[in-house]
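S.K.: First the structure, which I've put down as structure tokens, then a few questions once you've had a look.
The values are calculated or read from the model by the stated rules, or taken from the named source; none is laboratory data. Note that the structure is a prediction, hence the values are computed from the model and not measured. Here Cβ is always computed from backbone atoms with ideal geometry, including for glycine, and neighbour counts include all displayed protein chains. Protein only, heavy atoms only, side chains kept; ligands, DNA and RNA dropped before computing areas. Shrake-Rupley method; radii C 1.70, N 1.55, O 1.52, S 1.80 Å.
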Amino acid sequence: MSASGRTLDWLLNESASESGIARDALASALLEAARNADREQAAAAAAQPDARLEQLRRLLLGHEIATLSRLREQVDDPELFADAVSRALPSAVAQATARDGRLGHVLAPTVERAAQSSIRSNPRTLVNIIYPVIVPAIRKSIVETLDATLQALNASLAHSLSLRGLKWRLEAWRTGVPFAEVVLRHTLVFRVEHVFLIHRHTGLLIAQATAEDATSQDPQLVSSMLTAIQDFVRDSFTGTQDGALDTLRHGELLLWCEQGPSASLVAVIRGTPPESLHQVLRHTLSRIHDERDQALEEFDGDSAPFADVSAQLADCVQQRQLAPVAQRRRVPWLLVLVLLAALGFALDAWQRARHDDALWEAYLARLRAEPGIVVAGADKVDGGWRLSGLRDPLAADPDQLLQLSGIDPGRVSARWQPYQALNPSLVLQRLRASLAPPPTVTLAADGEAIVASGAASAAWLARARNVARSLPPGSPRIELAGVRDLNDGELGTLRVAIEAQSLNFDVNEVMPSRAQEPTLDSVAQSIRQMAELSARLGVVPRVTVTGHSDSTGKGSINLSVSVARAEVVRALLLKRGVNPEMVTVRGAGPLEPLTAEASEAERSMNRRVSFRVTLDE
């Protein structure tokens, strides 16, 4: 074994692993082993690596090998390499920018081109970028403009109808200044007492200006308190670092705060200032930023560089408007007259409204009292009224009632749904229309019942009973006990007497014998009496004269003979004063025999004329 082999055995055995082996000794041993290695051993080692040498390499250089492998993997893999560069790039750019400003000049063209390309492809990107800055500024500008407009409008309205207002209108016309501004110039009284310029990031006072006769505290203390109030409001209510308190009022004092990128301008105002003062404060703050932008960025508490800023703040303190000299007050007769006229108009409108309301309530009460009308809703809308409900077709017309109420129909909108009411008076109207009672029958409402009285035919009574049974539940009951059947009275007696009569004929004869004349006279008299009685009762009697024959002979001849006998009897009755419209004839031939024809006497009984009476309503 060569010297290098023995050295490796000594390094890898157990005794070599004991503590106390110096690093220098180990390096010397490795150097000696390398010098003693000949070329043949090196070739053999290349063909077949020595496991002990490989183990020694892992023991000594394992960490470095793993680190190099990980670095090579990160460099070879694009995604891992990009991730590693993205983690180190921000800090590298920040350090390069802090040490040397050339990096910003180099990156500026590239960033500008990228921004231009992004905006051209998607303009919404620029909107999203400037939205958090431009929207609050626009909102604040709109609010201040509206406040100024409302302030001017309120002042104009308050003095537009007075003598002083007329004087100011003449002044506005003479000077060309809007009337609202003239009114504000004469009415608003205010004075700016203090102006503070406060560093926005540190809260330290940069400069301040105070009116000559204004009382004040330590400016630094005031600045600290204002900053504390701003922080309290921002942390407690807005929750963002961009929010700020714009206005604060304490008694007669009003604090207006204008925010800038590096400093805030706070004005303490006594009285009611015009909204245009915002523009003065904002212009002063903008001018300070333009002239001292770098100094404001580097401000560390030293106010010496801002000594001349107090002169600019003093211009803000000069903003004031004192109360005009009090003059002898005159009675504004024009205003008094206008107020009296307005009061008269208001009183008249109130009285008309009360009168209309009284008419409306009376109209509603009338509707609710009408049978067949149900008021479901009554509302007052848009200077008029709206009605809805149910109405029976037989009930009173709400439009006609409205015309009688004294209310303008154009102010009332009504919607009625049809339905059938069960009120006795309306049910009575429907019964009169459906039953058509004869003149001998009277229908009347009696409480919750419909009572019928008089006399009627059996057919009408049957129809009335059917109608009474078909009424819906809850309807008034119909009492027909007071209506008697016409067939049961004098008219019925006459009907029975007429139908009991008959006329007999000889064989093949169509004229009755002289012995039948008393029967004809009796029948004619009964028919005339029935006609007179029926006219009083409102019914029309009908008398049917039927001719008969025996069964001997041909059927057609017998039928002709029976018709001829009936026609002859009808003519004889008309001759005795019977109304021709009451009598009709028919021939039955041998089809309706009175008795069986077993003998000549029975056949003679079948050769006859019979009578039948019917009553039509």
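S.K.: Take the Cα of residue 594, step 7 Å along the line toward its Cβ, and report every residue of the range 514-528 whose backbone nitrogen sits under 20 Å from that point.
M.R.: In the range 514-528, the label zone of residue 594 (backbone N under 20 Å from the point 7 Å along Cα→Cβ) covers 514-527.
S.K.: Leaving out ligands and nucleic acids, and using a 1.4 Å probe, what accessible area per residue does the range 365-507 come to in Å²?
M.R.: Per-residue value: 54 Å².
S.K.: Hey, how many Å between the Cα centroid of the range 543-616 and the Cα centroid of the range 65-86?
M.R.: That distance is 136 Å.
S.K.: In addition: Given a 1.4 angstrom probe, what's the average accessible area per residue across the range 532-587, in square angstrom?
M.R.: So the range 532-587 comes to 48 Å² accessible per residue, rounded to a whole number.
S.K.: Given a 1.4 angstrom probe, what's the average accessible area per residue across the range 247-286, in square angstrom? Don't jump to the answer; show the numbers that get you there.
M.R.: Values: 1660 Å² over 40 residues.
Heavy-atom accessible area per residue stands at 42 Å².
S.K.: Which cross-chain or sequence-distant (5 or more) residues have an amide H under 5 Å from the amide H of residue 449, H modelled 1.01 Å from N in plane?
M.R.: Amide H neighbours of residue 449: none.
S.K.: Whenever you get a sec, compute what percent of the accessible area on the range 244-305 sits on carbon and sulfur atoms (1.4 Å probe).
M.R.: Roughly 50 percent of what the probe reaches on the range 244-305 is carbon or sulfur.
S.K.: Carbon and sulfur: what percent of the range 499-603's accessible surface (1.4 Å probe)? Kindly include the intermediate steps, with their values, before the conclusion.
M.R.: Numbers: 2890 of 5550 Å².
About 52 percent, which is the carbon plus sulfur part of the accessible surface.
S.K.: Let me ask something additional. Using amide H atoms built 1.01 Å from N in the peptide plane, name the residues 5+ places from residue 412, or on other chains, whose amide H lies under 5 Å from its own.
M.R.: 385
S.K.: If you find the alpha carbon centre of the range 331-367 and of the range 398-477, how far apart are they in angstrom?
M.R.: Spelled out, the Cα-based centre of one part sits 45 Å from the other.
S.K.: Mind checking the full-extension length gain between residue 544 and residue 507? Use 0.36 nm per residue of separation minus the Cα-Cα distance, one decimal, nm. Could you put the intermediate results ahead of the total?
M.R.: Working: separation 37, 0.36 × 37 = 13.32 nm, distance 2.30 nm.
Extra length available between residue 544 and residue 507 comes to 11.0 nm.
S.K.: Based on the Cβ-Cβ distance of residue 380 and residue 449, what FRET efficiency does E = 1/(1 + (r/R0)^6) give at R0 = 30 Å, to the nearest 0.05?
M.R.: Efficiency, from the Cβ-Cβ distance: 0.15.
S.K.: In whole Hz and in residue order, list the ³J(HN,Hα) couplings for the range 449-464 that follow from phi through the Karplus curve 6.51 cos²θ - 1.76 cosθ + 1.60, θ = phi - 60°; x for Gly and Pro.
M.R.: Values, residue by residue: 9, 10, 9, 10, 9, x, 9, 8, 6, 5, 5, 5, 4, 5, 5, 5 Hz.
S.K.: Considering only the other residues whose Cβ falls under 10 Å of the Cβ of residue 603, what net charge follows from Lys and Arg at +1 and Asp and Glu at -1?
M.R.: Once positives and negatives cancel, what remains is -3.
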